[in-house]
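The values are calculated or read from the model by the stated rules, or taken from the named source; none is laboratory data. As the structure is a computational prediction, the values presented were derived from the model and not from experiment. Note: ideal-geometry Cβ built from the backbone for every residue, glycine included; neighbour counts use all protein chains shown. Remember, those area values only see protein heavy atoms, side chains included, never the ligands or the DNA or RNA. Shrake-Rupley method; radii C 1.70, N 1.55, O 1.52, S 1.80 Å.
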Amino acid sequence: MNRFLTRFGLSASLFVGVSAVFTRFVSGKPVAEKAVDKRPNVLLIMSDDMGYSDLGCYGSEIHTPNLDKLAARGLRFTQFYNGARCCPTRASLLTGLFPHQTGIGHMETDEHVEAYSGKINKKCVTIAEVMKAGGYNTFMTGKWHVNSFIFDPDGDISNWPVQRGFEKCYGTLRGAGSFYDPQTLVRGNTRISAYADLDYKPEKYYYTDAVTDNTIRFINEQHEESPDKPFFSYVAYTAAHWPLHALEEDIEKYHGKYDVGYDAIRRARFEKMKKLGVIEQNCKYTETVGNWDDCEYKAWEARCMEVYAAMIDRMDQGIGRIVDTLEENGQLDNTIIFFLQDNGACAENIGRGPTKNWYMPAKKPMSPEEQQDRFIPPMYTRDGRPVIGGKSAMPGGDGTYISCGQNWANVSNTPFRQYKHWTHEGGISTPLIVHWPAGIDKKYNGKLRSQTSQLMDIMATCVDLGNADYPIEYNGNKIHPMEGVSLAPAFNSDKPLDREALYWEHEGNRAIRMGDWKLVSKAFNHAERWDAVEVLPLDGWELFNIPQDRAELNDLSGKYPEKVKEMADKWHKWALRAMAYPKPNRNR
């Protein structure tokens, strides 16, 4: 109905008003008109496994005109941080807490310890639960990934989106999978096949498009059914997480773009980032990982990055269509749009070894109703072909399963060190774009904001601007207090936010940021054992002054041992309070 009215220059609100007058005329009775709730809508968009420099407005050559436009008409934060990995980031983003407090101190595996239960617990509330209680309509699309997986159709669904505050949902419970045939796909509380979904039948199924299309559907339904109410929409794309799957029409745009290799692309990004101001002028260029001249499979490596870029491009196209829908509905001006990423770029080498088909014969095609039972190889396409990896398999199609790898991840994270998993800047730095015409003065359009801020601040901002109540108790359970601070003061001011420190821990990688100073330590490996929770090992800490050294090249721990001790002690106290210590003898 909205699109029909828009086509003729009419609005849905006009239609509602005319309908009310007509009803009053026919019945002869007055019709009570609902007061329109003027609180802002919230559209929270998150991408997956992308680096700080992967958007055009943050330095990239990738075509992201729609996100660039939101940035040009809104704000870009340059020191916003995520949680270094998908599960803990999503747990923090959704609850406003540190991930260990929610039960997801690591990933979705239940380790029978409160901080490592693998699912968001009952001591936290989601933004959707808070906003729904405050009068908002709530819906989500995309990747959930904050519950342990029970594949029994009659199993526990208490941590699925609908049970955690979302009135409508379409997406995947699992954290990865084929973009052409995603595993653990659900609509509401029902597991479905992408090819037997009565509510969504595209000509060609591609998960990024499905997330976009169902988001648009939910927005339009809400606007038609409850035009007097605001909404909270959580859109969690899986682009550009492995496997490298993209449509040929998008890949073609980048053909030949990456033939120049890692360092040439990385240096071009570095210079553009300085011009844009998203890194400081004094930032140093770190050594590029990977030597293109020594690369044996250049065409394959270039294709990997072409597909990666195409995945981001397609997501940006979808975001543009969502924004167009809000504009058509007259909702754009009073919708706060947040865009961020769940961790730094991913250096995981999935499917990058020798060519292989995981030793599987072909099998008969799946029926439309049959659900994909695998999210990672060995697995089959729907028509019965074994999915393959390796350097003779050009990525992009449904029969391949390949990741971008460490060298391209280093390009995505320009100019930072490390990757997803780690708490150096390459693992935790994310763009944050905020667009809200009704709430951000036009004179700040396109401005940068350098306030240090973190995932938990999104909950605090939603509670603040949505005039919602964050509960002390919820459904009979005592709730952890919010850990974040509202970003609203930063929308129209460059004054620092009122906070003492930011903290991280993931797989033994740990960090604390206090003002200009950052103390960070990299776990020796993912199997590092922490045999005592009472004593913090102080070796391995690096100290950096971030405004002077955002690339973390000049370790000042030897020069300022007192600062190291002060910050390490503070991290230790936080770790005990937030349950960020792993359980004793936990092999990670």
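Could you tell me what fraction of 2.2 N^0.38 Å the Cα radius of gyration of the chain comes to, as a two-decimal ratio?
Scaled against compact globular proteins, the figure is 0.96.
Extension gain Ala35-Lys559, at 0.36 nm per residue separation less the Cα-Cα distance, in nm?
Roughly 182.4 nm would be gained on extension.
Using 0.36 nm times the number of residues separating Asn291 and Val260, minus their current alpha carbon distance, what extension gain do you get?
Once the chain is fully extended between Asn291 and Val260, it gains 10.0 nm.
What is the gain in length, in nm to one decimal, between Ser158 and Glu473 on full extension, counting 0.36 nm per residue of separation less the C-alpha to C-alpha distance?
Contour length minus the Cα-Cα distance gives 111.6 nm.
Please arrange Asp37, Asp441, Asp250 by accessible surface area, largest first, computed with a 1.4 Å probe and ligands excluded.
Of Asp37, Asp441, Asp250, the descending order of accessible area is Asp441, Asp37, Asp250.
For segment 233-308, how big is the tail of P(r) above 22 Å, as a whole percent of Cα pairs?
The share of Cα pairs beyond 22 Å in segment 233-308 comes to 42 percent.
Residue-wise, which Karplus ³J(HN,Hα) couplings in Hz belong to segment 361-368, taking 6.51 cos²θ - 1.76 cosθ + 1.60, θ = phi - 60°, and x for glycine or proline?
Working through the residues one at a time gives x, 5, 9, 6, x, 7, 6, x Hz.
Going Cα to Cα from Lys522, which aspartates and glutamates come in below 16 Å? Please leave out same-chain ones fewer than 8 positions away.
Filter leaves Glu425, Glu505, Glu507, Asp539, Glu542, Glu552, Asp555.
Segment 86-121 to segment 466-496: how many Å between their Cα centroids?
Computed from Cα coordinates, the inter-centre distance equals 19 Å.
Probe radius 1.4 Å, ligands and nucleic acids ignored: give me the carbon and sulfur share of the accessible area of segment 367-486 as a rounded percent.
Exposed carbon and sulfur together represent 48 percent of the surface.
Through the Karplus equation 6.51 cos²θ - 1.76 cosθ + 1.60, θ set to phi - 60°, convert the phi angles of segment 486-495 into ³J(HN,Hα) values in whole Hz; use x for Gly and Pro.
Per-residue couplings from phi come out as 5, 7, 3, x, 7, 5, 10, 7, 9, 6 Hz.
Once the whole set of protein chains is in place, how much accessible area is left on Lys69, using a 1.4 Å probe, in Å² to the nearest 10?
The value for Lys69 is about 100 Å².
Of Glu483, Glu287, which has the most accessible area and how do the rest follow, probe 1.4 Å?
Order by accessible area, largest first: Glu287, Glu483.
With the cut-off at 1.5 for a/c, could you classify segment 270-406 from its C-alpha gyration tensor as rounded, prolate or oblate?
Here segment 270-406 falls in the oblate category.
Amide H to amide H under 5 Å from Gly396: which residues, 5+ apart in sequence or cross-chain, H placed 1.01 Å off N in plane?
Residues meeting the criterion, in which the H sits 1.01 Å from N, are Ala246.
How much space per residue, in cubic angstrom, does the convex hull of the C-alpha atoms of segment 138-203 take up?
In segment 138-203, the Cα hull volume divided by residue count equals 89 Å³.
Please report, in Å, the Rg and the Dmax of segment 235-277, where both are computed over Cα atoms only.
Gyration radius and largest Cα-Cα distance of segment 235-277: 13.8, 34 Å.
Pull up all non-local amide H partners of Tyr116: gap of 5 or more, or a different chain, and H-to-H distance under 5 Å with H placed in the peptide plane.
Long-range HN contacts for Tyr116: Gly105.
Of Lys122/Lys573; Lys204/Lys298; Lys363/Lys391, which sit over 29 Å apart, Cα to Cα?
Check vs 29 Å cut-off fails for Lys204/Lys298.
Rounded to the nearest percent, how much of the accessible area of segment 154-201 (1.4 Å probe, protein heavy atoms only) is carbon and sulfur?
Carbon plus sulfur share of accessible area: 51 percent.
Rounded to the nearest Å, what's the spacing between the alpha carbon centres of segment 208-230 and segment 309-334? Just the number, please.
12 Å
Using the Karplus curve 6.51 cos²θ - 1.76 cosθ + 1.60 with θ = phi - 60°, what ³J(HN,Hα) values do you get for each residue of segment 129-145, in whole Hz, with x for Gly and Pro?
Rounded to whole hertz, the list is 5, 5, 5, 4, 5, x, x, 8, 7, 9, 7, 9, 9, x, 7, 8, 6.
Testing the spin-label approximation: label points 7 Å from Cα along Cα→Cβ at Glu252 and Glu566. State their distance in nm.
Result for the modelled spin labels: 6.0 nm.
So what is the accessible area of the chain per residue, in Å², with the probe set to 1.4 Å?
With all protein chains present, the chain gives 40 Å² per residue.
For Asp294, tell me the accessible area in Å² from a 1.4 Å probe, rounded to the nearest 10.
For Asp294, solvent-accessible area is about 120 Å².
Probe radius 1.4 Å, ligands and nucleic acids left out: which of Val411, Val36 has the largest accessible area, and how do the rest follow?
Ranked list, largest accessible area first: Val36, Val411.
Using modelled amide H (1.01 Å from N, peptide plane; none on Pro or chain starts), what sits under 5 Å from the amide H of Leu43, excluding residues fewer than 5 places away?
When sequence neighbours closer than 5 places are left aside, the close amide H contacts are Ser233, Ile336, Ile337, Phe338.
Ignoring ligands and nucleic acids, what accessible area does Asp259 show with a 1.4 Å probe (Å², nearest 10)?
90 Å²
List the lysines whose alpha-carbon lies under 17 Å from that of Lys275, not counting same-chain residues fewer than 8 positions away?
Once the sequence-local lysines are set aside, what remains near Lys275 is Lys284, Lys447.
Using a 7 Å offset from the Cα along the Cα-to-Cβ direction at both Met394 and Asp498, what is the distance between the two label points in nm, to one decimal?
The answer from the label model is 5.9 nm.
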